[in-house]
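Below is one structure; the comments refer to it alone.
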Amino acid sequence: MKLYDPQRKAPQFDKVPRHIALVMDGNGRWANKRGLTRTEGHKAGEIALLEVVAGAIEAGVSNLTAYAFSTENWKRSPEEVRFLMGYNKEVLRRRRDLLMEWNVRIRWAGRVPRLWPSVIEELKLAEKLTAKNTGLTLTMAVNYGGRQEIVDAVNKIALKVAQGKIRPGSITERTIEKELYVPELPDVDLFLRSSGELRSSNFLMWQSSYAEYLFSPTLWPDFNREELWKAIAEFGGRQRRFGSAEDAPLN
Ligand code: FPP
């Protein structure tokens, strides 16, 4: 598949989300429907992710955060966990040059405990190599959990309070934001999940408090940039009020 194809141009959008949260769900079902193992589904998901990165760049999205491995995914079989750890490493290494060419900046959001040191090394190397890129920021959520991210932030703040660096009672939303895994991440505008499941699964809980949620029935390996563009177009039609209200009189 050609990842950059001039025939596949993004349409004009009314509004483009600045930050898309992506739950790449349905790999296992996609594979099992074809009589394949779940790992074959994850392999097929790699191209879908690159497709969506290319589509996001085309559309002018500046931040895409992809849920690659959650803190709950450790409950899967040891074989699947091992595969996903190895595959995360492999994909980062194999696709690094292409993402460099696309001017993509890679970031990692997640916690250290339990995560394979070799995966952390690969994530940190990708962050370092792409640090000066100015295009899309692709944040890989690996060993990530939304509640855990908040707990980790609270512990960092508690330490600063104990050290006398923060005054108790002075903690604001900004104080917490500064301690999140990637403090620079803007709030999520569009939260997109594939495979028809209607859940947020502990993903970017803090950042998604005013996100627009969109659920696509397409299984992740069948997802492509046109599906992303459909989602962006639907996002453009949503009225975001952030808690405010407008009077809409009935004629
Ligand atoms: C959820 O589908 C998917 C994951 C837990 C892993 C996401 C991994 C990829 C998309 C592979 C390519 C990308 C990288 C970075 C390695 P599921 O297994 O829960 O599917 P199911 O709900 O049908 O069982």
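The values are calculated or read from the model by the stated rules, or taken from the named source; none is laboratory data. None of the values given here were measured: they were computed from a predicted structure. Heads up, the Cβs are rebuilt from the backbone with ideal geometry, glycines too, and the neighbour counts pull from every protein chain shown.
Here Trp74 passes the criteria (1) touching a residue at least 40 places away in the same chain (Cβ under 8 Å); (2) within 14 Å of the ligand (Cβ to nearest atom); (3) in contact with a strand residue (DSSP E or B) (Cβ under 9 Å, 6 or more places away or on another chain); (4) closer than 21 Å to Phe215 by Cβ except the one numbered (4).
Among the numbered conditions (1) closer than 25 Å to Phe215 by Cα; (2) under 19 Å from the mean Cα position of the chain (by Cα); (3) within 8 Å of the ligand (Cβ to nearest atom); (4) not aliphatic (A, V, I, L, M), the only one that Tyr87 does not meet is (1). For the range 229-251, the set of residues classified as of a type in the set (Gly, Ala, Ser), exposed (fewer than 10 other Cβ atoms within 10 Å of the Cβ) and within 19 Å of Ile20 (Cβ to Cβ) consists of Gly237 only. Give the residue that is surrounded by the fewest Cβ atoms within 10 Å (Cβ to Cβ), with candidates limited to residues of the range 110-131 that are of a type outside the set (A, V, I, L, M) and assigned to a helix (DSSP H, G or I). Filtering first and then ranking leaves Pro117.
I need the helices (runs of 4 or more DSSP H) fully contained in the range 1-109, keeping only those with at least 1 residues that are of a type in the set (Val, Ile, Thr).
On the way: elements: 27-33, 38-59, 78-101.
Correct list: 38-59, 78-101.
Leu204: within 30 Å of Trp74 (Cβ to Cβ) and part of a helix (DSSP H, G or I), yes or no? No; evaluated as a whole, the condition is false for this residue. Residues being assigned to a loop (DSSP other than H, G, I, E, B), over 19 Å from the mean Cα position of the chain (by Cα) and either modelled with pLDDT under 95 or basic (Lys, Arg) (or both) are represented in the range 152-166 by at least one member.
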